[in-house]
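Here, each number is a calculation from the coordinates, and none is a lab measurement. The structure displayed is predicted, hence computed values, not measured ones.
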Amino acid sequence: MVITASMVKELRERTGLGMMDCKAALSDADGDMELAIEELRKKSALKAAKKSGRTTANGLIGIKVADDGSKGVMVEVNIETDFAAKNKKFIAFVEKIATAAFQQDLTDPKDLLVGELEEERKALVQEIGENMNVRRIACLGSKDSYVATYIHTDNRKAVLLELSGKHEELGKDLAMHVTAINPLVVETSDVSTQLLAKEREIYTAQAEESGKPPEIVEKMVEGRVRKYLAEVSFVEQPFVKDGNIKVGQMLSEKNIACKGFVRFEVGEGIEVVEEDFASEVAAQIKDLG
């Protein structure tokens, strides 16, 4: 059977796959459109599985918040390259993931990526040509809370910030502060004893090198510990837009407390293995064969 351009066009529109893949599938199916779609879906799953081991250190962050601010959900969806992260279908997929996580109250990507969402992910892997996954999901809020958000213009850094009361302007400003400054904890008392002990050990070793008496070394260490706690604690930090006022003071003036925050930055902590470009091209040619 002769495979016409209109048949290829229809199959491309229905599957979103490349012209050559569609033409080959129609030829193999002797022009049977539904059979061609079935075979393409099978091949798509196989190709998606082959790509599943490739590192995804780029991507976008998606956020969904209740109209009254009582709950907020944030997701990080990863893909291999920054270029692919700008793909309109990938952007739409990130939004869909955030909405699904919000509606289903799920924080484990494995629980979320089932059924239609997983099928859509596999289809996009095939269409875009890059591995992608949902790396993490965060949820904050309660009926007595207000969740503020801030997402950087490139959608690669974002924050959920939970406050004890609603104040939109303050919430946005403080969420932006967390995005920019990246505090470790809300209060100094939230720093773990293990981390504090490690920092104290480092400061002690450094102070002892000065050759000063033990009582002076002890005071030097305590001074450095206090400085460290102030630097990593949200409420002790100078506000990013006005260094003359601390975050804790801003909260106190509004009679509002910070109940917690979560900050995502795309790809943080992911080790990217650099590959030789010539070897990568050779490997792709081999796969095509």
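The figures follow:
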{"quantity": "Computed [θ] at 222 nm, deg cm²/dmol, the chain (DSSP H ≥ 4; -39,500 (n - 2.57); rounded to nearest 500)", "calculated": "-16000 deg cm²/dmol"}
{"quantity": "For the chain, convex hull volume per residue from C-alpha positions, Å³", "calculated": "180"}
{"quantity": "q = 0.21, 0.22 Å⁻¹, region 147-271: log10 I(q)/I(0) [Debye, one scatterer per Cα]", "calculated": "-1.13, -1.19"}
{"quantity": "Under-5 Å amide H pairs with residue 150, H placed in peptide plane, nonlocal only", "calculated": "159"}
{"quantity": "Equivalent ellipsoid dimensions for region 92-208 as semi-axes, Å, which come from the Cα gyration tensor, largest first", "calculated": "34, 22, 15"}
{"quantity": "Rh by Kirkwood over Cα pairs, then Stokes-Einstein D for region 54-119 at 0.890 mPa s and 25 °C, µm²/s", "calculated": "197"}
{"quantity": "Value of Rg/Rh across region 109-163 [Cα atoms, Kirkwood radius]", "calculated": "1.10"}
{"quantity": "Long pairs among 96/166; 71/172; 64/88; 86/259; 23/96; 96/122, criterion Cα-Cα beyond 22 Å", "calculated": "96/166; 86/259; 23/96"}
{"quantity": "Debye intensity ratio in log₁₀ form over the Cα atoms of region 192-232, taken at each q of 0.14, 0.17 Å⁻¹", "calculated": "-0.29, -0.41"}
